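Asks: Just dropping this structure here.
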Amino acid sequence: MRLFLALLPPSEALAEVDAAIGPVRAEWPGLRWIDPALWHVTLVFLGEVPDRVLPDLHVRLARAASRHRPATLSFAGSGAFPSPAHGRVFWTGLGDGPSLKGLADSLAAGARRAGAMKKDPTRFHPHLTLARSRDGVDLWPLVRATSTFSGRSWEAKAVHLMRSHLGPHVRYEPVEAYSLGRRD
């Protein structure tokens, strides 16, 4: 199974993002805009995970999540990876301080101990991916046009283990949810 760990923001917060980028979408027809139904905040990408590690993975992820408090977050600003001048990914950021980095690190450590990850994850930068480009394009005008966006606060209360189904119609399937801040 192809898996990742994510936060699923509430529909009200996502609607604000959608309204903020709506006016500029038509000006960027060369970008592949992500369907808002697929929007999520990836904490850790696990990749292909063998079924045999799932029982231990669930235990370790639940334990890691329980060690972190729910987080109050908000979407703000915009940017591009690897840079606005050569953008392949256009995103809006998440203001959170160190809380999401610590959570992502704990989840990745639990996944590695369960045998679900072979290598260290890439450097974590919390964001919501809005659009992609196959070729790096100059996204500075788009980043400038959306840089002042600031959404309402929302609370992340759980981490979700998600399964990716790739193909012509990408879809994500929730596998499990792990509560933040609660030990069972």
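The values are calculated or read from the model by the stated rules, or taken from the named source; none is laboratory data. As the structure is a computational prediction, the values presented were derived from the model and not from experiment. Neighbour counts are summed over all protein chains in view; Cβ atoms, including those assigned to glycine, are modelled from backbone coordinates with ideal geometry. Accessible surface is based on the protein model in full, side chains and every heavy atom, while ligands, DNA and RNA are left aside. Shrake-Rupley method; radii C 1.70, N 1.55, O 1.52, S 1.80 Å.
Asks: For the chain, take the alpha-carbon Rg, divide it by the Kirkwood Rh, and send me Rg/Rh.
Replies: Details: Rg = 16.6 Å, Rh = 17.1 Å.
Result: Rg/Rh = 0.97.
Asks: Calculate the spin-label point distance for Arg25 paired with Thr148, positioning each point 7 Å from the Cα along the beta-carbon direction, and give it in nanometres.
Replies: About 2.3 nm, to one decimal.
Asks: Now for a different question. So how much slack lies between Lys101 and Trp33, counting 0.36 nm per residue of separation and subtracting their Cα-Cα distance, in nm?
Replies: Values: separation 68, 0.36 × 68 = 24.48 nm, distance 2.63 nm.
That pair, Lys101 and Trp33, stretches by 21.9 nm at full extension.
Asks: What are the radius of gyration and Dmax of segment 44-94, computed over its Cα atoms and given in Å?
Replies: Rg then Dmax for segment 44-94, in Å: 16.6, 44.
Asks: How many percent of the accessible area of the chain is carbon or sulfur, using a 1.4 Å probe?
Replies: Here carbon and sulfur together make up 51 percent of the probe-accessible area.
Asks: Follow-up question, since we're still on this one. So for the pair Arg67, Met1, with labels modelled 7 Å out along Cα→Cβ, what separation do we get in nm?
Replies: 2.3 nm
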